[in-house]
């Protein structure tokens, strides 16, 4: 496991390194295939924000905490990361969940209605839409179930992925009823 420290508008102290490294190494008890861990410290006024990003076997987890003490911020962020790893490990063991591709006919109708509603909004006000931020995302081949798990671990409402079975881009999303949806785009 490679541990990397990065400071934004500040320097990483030896005190933080000595405090963080042994605690990060204990993460291997939760998941033994951790490749990289990046700890980023940023300081704004009196706030010290610690962000921990973990990459393990295609899984990307992130936790961020902000307090007025860098060690307290690190400890809180590490606790959140440990909870995420535990949740991932439990869900990876749980093979009884229904498949994402199992969508009832009524659910398909719901997504068609939602799509028509969005199209109506876009037709009415195309000039009012302003893109204020752009992100890039590396697509890794995975199954829709793995993508849903990755989405849950990141705490997002949707996740874009490359389907390893058919080499197509797909999107999994969280439905209001608590289930998951899968969008498989086609070119017309």
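Would you mind getting me the FRET efficiency between residue 3 and residue 166? Use the beta-carbon distance for r and R0 = 35 Å, nearest 0.05. Let's see the in-between values first.
On the way: r = 37 Å, r/R0 = 1.06.
It comes out at approximately 0.40.
Using the count of nearby Cβ atoms within 10 Å as a rough guide to exposure, how do 15, 135, 76 rank from fewest to most? Intermediate values should be presented prior to the final figure.
On the way: 15 10, 135 4, 76 16.
In increasing order of surrounding Cβ atoms, one gets 135, 15, 76.
Could you give the length gained on full extension between residue 36 and residue 140, defined as 0.36 nm per residue of separation minus the Cα-Cα distance, in nm?
Values: separation 104, 0.36 × 104 = 37.44 nm, distance 1.66 nm.
Working it through step by step, the gained length comes to 35.8 nm.
Taking the Cα-to-Cβ direction at residue 69 and at residue 154 and moving 7 Å from each Cα, how far apart do the two end points lie in nm?
3.3 nm
In whole Å and largest first, what semi-axes does the C-alpha gyration tensor of segment 2-93 yield when each eigenvalue is scaled by 5 and square-rooted?
Values: eigenvalues 111, 33, 24 Å².
Here the semi-axes work out to 24, 13, 11 Å.
Taking 0.36 nm per residue of sequence separation and subtracting the Cα-Cα distance, how much length would be gained by fully extending the chain between residue 176 and residue 90, in nm to one decimal?
Values: separation 86, 0.36 × 86 = 30.96 nm, distance 2.32 nm.
Fully extending the segment from residue 176 to residue 90 adds 28.6 nm.
Read the figures in this text as sums done on the coordinates, not as results from a lab. Since this is a predicted model, take the numbers as computed values, not measurements. Here Cβ is always computed from backbone atoms with ideal geometry, including for glycine, and neighbour counts include all displayed protein chains.
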